[in-house]
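In what follows, a structure is listed as structure tokens, so that the remarks can point back to it.
Throughout, read-outs are computed from the coordinates displayed, never taken from laboratory work. Everything numeric here is computed off the predicted structure, so don't read it as measured data. All Cβ positions, even for glycine, are placed from backbone atoms using ideal geometry, and neighbour counts span all protein chains on display.
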Amino acid sequence: MKVRMTVNDKTEEHDVEDRQLLVHFIRETVGLTGTNIGCDTSSCGACTVLLDGESVKSCTVLAAQADGCAITTIEGLANSDGTLHPVQQAFHEHHGLQCGYCTPGMVMAAVSLIAEHGQLTEAEVREGLEGNLCRCTGYHNIVKAVLAASGSEVHA
Amino acid sequence: MIPAAFEYRRVSSAEEAVATLTELGDDAKLLAGGHSLLPLMKLRLASPSVLVDVGRVRDLSYVRDGGDHVAIGALTRHHDVEHNPLLAAEVPLLPHVASLVGDPQVRHRGTIGGSIAHGDPASDLPAAVLALGATIVAQGPGGPRDIPASDFFRGFLETALAPDELLTEIQVPKMHGAAWSYQKFNRRAQDWAIVGVAAVGAPAGGGIALVNMATTPVRAAAVERAVAGGSSASDAAKFASEGLEPPTDLNATPEFRRHLATVLVRRALEEIAADHP
Amino acid sequence: MADAGSILGNAVMRLEDPELLTGAGRYVHDLESPGAARVVFVRSSIAHGLLRSVDVDGARGMPGVVAVYHAGGDDLGLMPFQSFPMLAESFNRPVFARDRVRFVGDIVAAVVAETGPQAVDAAEAVVVEIDPLPVVVSQEAALASEAPLLFPDHGSNVCFATSFGEDEDPLEGAEVVAEVAMVSQRLAGVPMESNGCLMVPGDPPAGITCWISHQAPHSVQPALVGVLGLEPEAVRVVCPWVGGGFGPKAAVYVEFLVAAAAALQLSRPVKWVETRSEDMVALVQGRDYVMNAKLGLTRDAKIVGLDANVVASGGAYPALGAVLPMLTQMMVVGVYDIPKVRFQGATAVTNTTPVGAYRGAGRPEATQLIERVLDVAADQMGVDPAEIRRRNFLDPAAFPLTTITGGAYDSGEYAKALDAALVAAGYDELRSEQARRRAAGESVQLGIGVSAYVEVTAPLGLHTEYGAVEVHEDGTASMAVGTSSHGQGHHTAFAMVASDVLGIPMDKIRLVNSDTAAVPRGSGTLGSRSLQTAGNAVLAASQVVLVRARQIAAHELEASPDDIVVGEGGVHVAGMPGRTVLWEQVAAASRDASRLPPGLEPGPLRHEGDFDGTNSTFPFGAHVSVVDVDTETGKVTMRRHIAVDDCGRILNPLLVRGQQHGGIAQGAAQALFEWVQYDGDGNPLTTNLMDYAIPAASELPSFEASNTETDSPRNPLGAKGIGESGTIGSTPAIQNAVVDALSHLGVRHIDMPCTPERVWQAITDATREAQR
């Protein structure tokens, strides 16, 4: 079947299998491999992208369901001049990534969280990232990064 | 990770959904948010040959004042239930429970109708609507019908919905300021409840429903009777698992579930009493 | 070594980040190759059985199927594989199960198809007939007399044994004996990126390039060379960005051998993308020890001896995990002066996933055992747990020393770390709060747990490493090392070292690693070894390059090499930055005989060498865990975690803290959340991330991580490893804290993970016992 959506503001129209998951559409059909797959039970959030501005787990959405929608992936976050989005910049400054595999999903989840809540407390960040698993960082610096990006003060 | 092949169909109205279900019979499953069905399909635990996507039926996403109740369209997402001001004012238990379903990404896609139609005893919203004494509205080839929540959950993942029926609306009675409590006990915040308790105070019917204590969401009827009879929270809570066969799984034995139910029911009743001494 | 103004010791942000933050980092699953086919493995769903038949006819006929391999048909000529050289060959793993399957996950067949979905569909069509055999899941069952044998030819299920002090009675003279029986439960590594590979034949010519998600490509290359029958130069093993390793990705996987052999046979690339459910049975797992200890002490709580016993489960095809009891034996005395030790360790094969190295690999188990039995002793004797440790620490003046069990500890100040942790925790205030809650009978009790640990990094002879540094004619530099970064930030760390010596800006220094074609040899990144080995190799190579550069510049500038110093963009005569020879010019001169002083041969401005650390190093520390335990529900909530970890002289505190945090989270996960479980028939019960509970941010607090710095005398950077310390130190502190919260109720021990039900059961049992 045919699906048509924008991905990072670019129109993508492709013929896909009915059963294709959005994450595979993004990675294999569109060719944007920044979004990663970390599990098969919708538990880890590595595949998180924005669908019409809201965070979703793209492994649990069919490409068909995203027809007509606007998808934003990690590749679409930085500014056109190459400078990083504030959330990306905060992750860099606070050492919020190590192997980088969970990072695109974590960053997109954080972008959505901040968009909805504005300035966050530590408890709100930790609750808000309940659906994103990381194995390297222990979350400590991720939380600092998101707090900072949301406009909250960060302590060591 | 990759579901078995199926045919995808999109419908744009409840009528079209019903007609399609009638045409296809058992081979078809409805797809709303997909967060109950797609995970099963990715592990190949479910392999319907046709998915009927009702996700675009926009006029089934609403929250309306129905006088003595609030009417929620089946396709209203958990996120929208969580943030709806009318529900916050009139049925505050529900937005709170919706805020605890899954994680933010799940809440952006999952729908209240999808969750209730799936009828997982470990889900939060089915127990909540059971405690609230809600009415489920279903639409079939013969037209709409009302099903009380107490009649809706029939067996494990089995509801009163006929194969050719679509759940269209949930009518939750207004709580009129009654106290309420939702106790969700789990290991990790994103997990299903090991045991959960949804409770509303007497002015809102005094319903107490349990999560993951049986093959369906269930009312703790013996507790309700004890409360109505004037028992204290801890005395009433002793009846929490009466008549129930709680499941066993990786997280808890039936014995531990019984214990948790007693503790959580007591805490729910105490929270309600504290609100309205 | 580093002067004022040196970058070393400073928090420097990572060079790796921009690519990873923008989604530009390519992992194996992101790589494509024209014409690549996909392989999917058909795995046994029975834990132990005789393989009667594998019917691939149905699969063969399905759309897109290119080939189907199995032992009864085309098996690619793959011989049984020896998973670890020290182990008997009778335990070799048939790549495709032949006459029997030995664990759920054992490979029965492999399907290669044009696309992933086609391969998955066809794999489902393979029909396997297995006659079940009796299953042994636990090591106790495997070692019982009359236990069914996994390898009848071997005659027993024991695959490894080690012992120390057999003739001793270590408890002789003890006035008090404390005992514990405990389990270090089986864990899964769960790197967020699952396993995978892309095998591309034809490059090198008549050879193959093997892209793998791995920690040690140089260790995989010999296995591939042997199996594929190619010359070493024809087999290139290379890792792109790797999404976490933690130990399990240091093993050689038979799946790699199948994919490579298939790629060569089919003359097309073959890609394997492991699913998470597959990962949870196929990737080697960790821990799974049953442990016992008896600690003998004087009435003054001074240890007189330790009698310890561990039985490990090696899984169905024993690998590195089987020999880890050797490391456990060495480290079981921990930070304590223990006059007499008797230790017995054995590993059994069981019908479960093979066990390999997982963060700590044998040392967490040792620390868990000694720290738990010491706490039992403290509780028994009414001595404060911090005090009992203080009384028994090895004397800092005694270093370097070799412990009774052969640990050649380089340096350590254990009391200093413990005191720092206790002060940071506000230990006395915590005890007061605990007392208050106990007196008030509150339903949420406070637990305070202490651990003191030492661990061995660059263990098992892994203390040498290759490093090369070159300055190029464009003024940039490159470092080549035999380690293999997969999240640790080596590019940043090693560039700091090279930049500090050469003055070349870090962003002009690139890292070459993880590629057997670009780096001649290496032992990979594991055992927390990289900075102390490769980092020092980069240091040494940079220094030699600088010596040559100074000689070249001196000749250009008609000065003495002793007067040449590093400056902006190049080197210059001290005090005369106006007379600078730029790095571009030095590199060019280096190759030009006419510009060189006598005695210097033309060649690249480069040096390579193998750094030898002579021995392992021994980081140490102390952790304090503060937990709330809801005595009604058994739920444990981590309130605070204080960690003082000493990894010698710190190069980049940002990177060190990151490793502490990540290590603590995984250690906490063992104490409270994770557990690989099997039912009695050997069916794995935790094969996805819904059931295997790795914690999210919502389950953990922020950590209070700090450091003492006690240099290692064993290398110029003074460095010890840090990667596994957080895990080793945190688990026992948290377990001790949970028990501590309930000790006033009579609870003496709770096995990990301390789930709500286990905690509740312990309280119930202790309360019932008290009522007798």
| Packing-based exposure ordering (other Cβ within 10 Å, fewest first) of B:K184, B:K29, A:K57 | B:K29, B:K184, A:K57
| request: Would you pull out the residues with amide H under 5 Å of C:Y336's amide H, same chain only if 5 or more places away, H placed 1.01 Å from N? | output: C:L394
| task | Can you figure out the FRET efficiency of B:A221 with B:D68, using R₀ = 35 Å and their beta-carbon distance, to the nearest 0.05? | result | 0.90
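Output the relative contact order of the range B:58-173, whole-number percent, from Cα pairs under 8 angstrom with separation of 6+ residues.
27
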| Across the residues of B:144-150, average count of Cβ atoms on other protein chains within 10 Å? | 0
| request: Report, in cubic angstrom per residue, the convex hull volume of the C-alpha atoms of the range A:1-148. | output: 101
| How many angstrom lie between the C-alpha centres of the range C:243-296 and the range B:171-243? | 46
| field | Reduced Cα scattering model of the range B:180-275, Debye log10 I(q)/I(0), q = 0.17, 0.22, 0.25 Å⁻¹ | value | -0.64, -1.05, -1.32
| What is the order of B:I116, A:I37, fewest Cβ neighbours within 10 Å to most? | A:I37, B:I116
| Using only helices, what value at 222 nm comes out for chain C when you add -39,500 (n - 2.57) per DSSP H run of length 4 or more and divide by the total residues, to the nearest 500 deg cm²/dmol? | -8500 deg cm²/dmol
| query | By the scheme Lys and Arg +1, Asp and Glu -1, what is the net charge of all other residues having a beta-carbon under 9 Å from that of C:N195? | reply | -4
| task | Give me the Kirkwood hydrodynamic radius of the range B:71-184, using the inverse of the mean 1/r over all pairs of distinct Cα atoms, in Å to one decimal. | result | 14.1
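Please give the net charge around C:I212, taking every other residue with its beta carbon less than 15 angstrom from that of C:I212, where Lys and Arg add +1 and Asp and Glu add -1.
-2
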| field | Translational diffusion coefficient (Stokes-Einstein; Kirkwood radius from C-alpha pairs) of the protein assembly as shown at 4 °C, 1.567 mPa s, in µm²/s | value | 41
| query | So what are the ³J(HN,Hα) numbers for the range C:537-549, from phi and the Karplus equation (6.51, -1.76, 1.60; θ = phi - 60°), rounded to whole Hz, Gly and Pro as x? | reply | 5, 5, 4, 4, 5, 4, 5, 5, 4, 5, 4, 5, 4
| request: Only Lys, Arg, Asp and Glu count, each charged at its Cβ (+1, +1, -1, -1), so figure out the dipole size of the range B:1-135 about its Cα centre, rounded to 20 debye. | output: 440
| request: Using every Cα-Cα pair within the range C:341-437, state what percent have a distance larger than 22 Å. | output: 49
| Hey, how many Å between the Cα centroid of the range C:599-626 and the Cα centroid of the range C:639-704? | 28
| query | Once you put a point 7 Å from the Cα of C:A517 and another 7 Å from the Cα of C:E129, both along the Cβ direction, what distance in nm separates them? | reply | 4.7
| remark: Treating only Lys and Arg (+1) and Asp and Glu (-1) as charged, each at its beta carbon, one finds that the protein assembly as shown has a dipole about its Cα centre, in Debye to the nearest 20, of 680
| message | Taking just the alpha-carbon atoms of the range B:175-221, what radius of gyration and Dmax come out, in angstrom? | response | 11.8, 33
| field | Net charge contributed by nearby residues that have their C-beta within less than 15 Å of A:L133 (K/R +1, D/E -1) | value | -4
| request: Would you please report the Å³ per residue occupied by the convex hull of the alpha carbon atoms in the range B:7-53? | output: 64
| remark: Along the range C:357-374, Karplus-curve 3J(HN,Hα) (6.51, -1.76, 1.60; θ = phi - 60°) to the nearest Hz, with x for Gly and Pro, reads 8, 9, 3, x, 6, x, 8, x, 4, 4, 5, 4, 5, 5, 6, 6, 5, 5
| How high is the relative contact order of chain A, in percent, counting Cα pairs under 8 Å that sit 6 or more residues apart? | 23
| task | At a Cα cut-off below 23 Å, give the lysines reachable from B:K238, other chains included and same-chain residues fewer than 8 away excluded. | result | B:K184, C:K635
| remark: Rounded to one decimal in Å, the inverse mean reciprocal Cα-Cα distance for chain B, i.e. its Kirkwood radius, is 18.9
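For C:S219, C:S484, C:S451, what ranking results if the residue with the fewest other Cβ atoms within 10 Å of its Cβ goes first?
C:S219, C:S484, C:S451
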| request: Over chain C, calculate the relative contact order: mean separation of alpha carbon pairs under 8 Å at least 6 apart, over the residue count, as a percent. | output: 15
| said: What value in Å³ per residue do you get for the convex hull of the alpha-carbon atoms in the range A:2-75? | reply: 74
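Using only the Cα atoms of chain C, what semi-axes does the equivalent ellipsoid have when each is the square root of 5 times a gyration tensor eigenvalue? Give whole Å, largest first.
Those come to 43, 39, 22 Å.
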| remark: Ratio for the range A:86-149, C-alpha Rg to 2.2 N^0.38 Å, reads 0.95
| said: Apply the Karplus curve 6.51 cos²θ - 1.76 cosθ + 1.60, θ = phi - 60°, to the phi angles in the range C:97-113 and return the couplings in whole Hz, x for Gly and Pro. | reply: 3, 9, 9, 8, 9, 10, 7, 5, x, 4, 7, 9, 7, 9, 10, 10, 9
| query | Can you give the % of DSSP beta bridges in chain C that are antiparallel, to the nearest 5? | reply | 80
| note | So the FRET efficiency between C:R579 and A:D15, C-beta based with R0 = 56 Å and rounded to 0.05, is 0.25
| note | For B:K29, the lysines lying under 20 Å Cα to Cα, once residues fewer than eight places off in the same chain are dropped, come out as B:K42
